[in-house]
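Undergrad: I have a structure here, written as structure tokens, and I will follow up with some questions on it.
The values are calculated or read from the model by the stated rules, or taken from the named source; none is laboratory data. The structure presented is a predicted model; accordingly, all values stated were derived computationally and were not measured. Every residue, glycine among them, receives a Cβ derived from its backbone with ideal geometry; neighbour counts consider all protein chains shown. Ligands, DNA and RNA are excluded from the accessible area calculation, which covers all protein heavy atoms including side chains. Shrake-Rupley method; radii C 1.70, N 1.55, O 1.52, S 1.80 Å.
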Amino acid sequence: MTDNARARKLADRIQVVVAETLDRRIKDPRLGFVTITDARVTGDLREATVFYTVYGDDEERAASAAALESAKGVLRSEVGRQTGVRFTPTLAFVPDALPDNARTIEDLLDKARAKDAEVREVSTGKTYAGEADPYRKPGEEGYEEDAEAGSEAEAGSGSDEGGAAKAGEGDVAPAGDDTDGAASK
């Protein structure tokens with residue numbers, strides 16, 4: 001049976017122990033500016049994944065990864081000594097992708113800001129093609145006139161040769177039409 005609270009507590013303790021041990025005991029020159037960002041432990045407390053970031057370029061990251069792999073035994077024995085668990089979890093070091101993701105998001109936000117500034121620059125001094133608010137509202141001038149004109153156009157669906165509209169004489173609504181023409185008969 002897994003105890004998630006216990007696994008979280010152990011993961012937090014492993015994170016602290018590994019960070020302190022790297023700072024105080026490990027003197028590998030390949031180990032650059034390493035920051036332990038997170039640790040996760042499986043439910044059975046047998047395996048721990050330690051996430052880290054390295055300040056520097058790809059070469060320094062690779063050197064720091066090699067230094068962490070070579071110091072894995074010392075780090076695991078220190079974790080076992082300071083946590084006091086029956087079985088010391090095996091450690092796996094994984095580079096944290098969070099800084100790369102954050103950098104990508106920042107780049108996308110910068111592009112969006114640049115596009116917004118470009119649109120704002122193009123739109124300064126411009127006016128609307130029509131009115132600012134193209135919709136008519138009840139109570140405004142011209143609202144009833146358009147509504148009456150629209151209802152007359154709907155009623156006059158049939159016409160004779162003279163152009164006069166005759167509503168209700170022989171008008172049959174199409175099969176799929178749900179208009180009020182059928183109700184006016």
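Undergrad: Using a 1.4 Å probe on the protein heavy atoms, what percent of the accessible area of segment 18-94 belongs to carbon and sulfur? Walk me through the numbers before you get to the answer.
TA: Numbers: 2210 of 4510 Å².
Carbon plus sulfur share of accessible area: 49 percent.
Undergrad: Would you mind calculating the gained length between residue 107 and residue 16 on full extension (0.36 nm times residue separation, minus the Cα-Cα distance), in nm to one decimal?
TA: Details: separation 91, 0.36 × 91 = 32.76 nm, distance 3.20 nm.
Residue separation times 0.36 nm, minus the Cα-Cα distance, leaves 29.6 nm.
Undergrad: Leaving out ligands and nucleic acids, and using a 1.4 Å probe, what accessible area per residue does segment 1-81 come to in Å²? Provide the component values of the computation, followed by the final result.
TA: Details: 5060 Å² over 81 residues.
Per residue, segment 1-81 has 62 Å² of solvent-accessible surface.
Undergrad: Ordered by residue, what ³J(HN,Hα) values in Hz, to whole numbers, does segment 130-136 give under the Karplus form 6.51 cos²θ - 1.76 cosθ + 1.60, where θ = phi - 60° and Gly and Pro are x?
TA: Values, residue by residue: x, 7, 5, 10, x, 8, 8 Hz.
Undergrad: Taking H as built 1.01 Å from N, whose amide H comes closer than 5 Å to the amide H of residue 51, not counting residues under 5 places away?
TA: Long-range HN contacts for residue 51: 37, 38, 39, 40, 94.
Undergrad: Follow-up. Set Lys and Arg Cβ to +1 and Asp and Glu Cβ to -1, take the dipole of segment 7-138 about its Cα centre, and tell me which of 89, 65, 39 lies farthest positive.
TA: Final value for the positive-end residue is 89.
Undergrad: So what is Rg over Rh here for segment 1-147, counting just Cα atoms and using Kirkwood for Rh? Each step should come with its number before you reach the end.
TA: Values: Rg = 28.3 Å, Rh = 19.8 Å.
Result: Rg/Rh = 1.43.
Undergrad: Using modelled amide H (1.01 Å from N, peptide plane; none on Pro or chain starts), what sits under 5 Å from the amide H of residue 90, excluding residues fewer than 5 places away?
TA: 47, 48
Undergrad: Arrange the peptides 21-33, 47-59, 109-121 so that the one whose residues have, on average, the most other Cβ atoms within 10 Å appears first. Don't jump to the answer; show the numbers that get you there.
TA: Values: 21-33: 13.5, 47-59: 16.1, 109-121: 9.8.
Per-residue Cβ counts within 10 Å, averaged per peptide and sorted highest first, yield 47-59, 21-33, 109-121.
Undergrad: So, one more: Work out from phi, with θ = phi - 60° and the Karplus expression 6.51 cos²θ - 1.76 cosθ + 1.60, the ³J(HN,Hα) of each residue of segment 25-36, listed in order in whole Hz, and give x for Gly and Pro.
TA: Running phi through 6.51 cos²θ - 1.76 cosθ + 1.60 with θ = phi - 60° gives 9, 7, 10, 6, x, 6, 6, x, 7, 9, 10, 7 Hz.
Undergrad: What's the center-to-center distance, using Cα atoms, between segment 29-81 and segment 120-137 in Å?
TA: 58 Å
Undergrad: Show 9, 72 ordered by accessible area, largest first, where the area counts protein heavy atoms only and the probe is 1.4 Å. Numbers along the way, then the final one.
TA: Working: 9 150, 72 60 Å².
Output order, biggest surface exposure first: 9, 72.
Undergrad: Separate question: Mind putting a number on the dipole of segment 79-141 about its Cα centre? Charges go on the C-beta only, +1 for Lys and Arg and -1 for Asp and Glu, and I need it in Debye to the nearest 20. Before the final figure, lay out the partial values.
TA: Details: 10 positive and 12 negative charges, 113 e Å.
The calculated dipole for segment 79-141 is roughly 540 debye.
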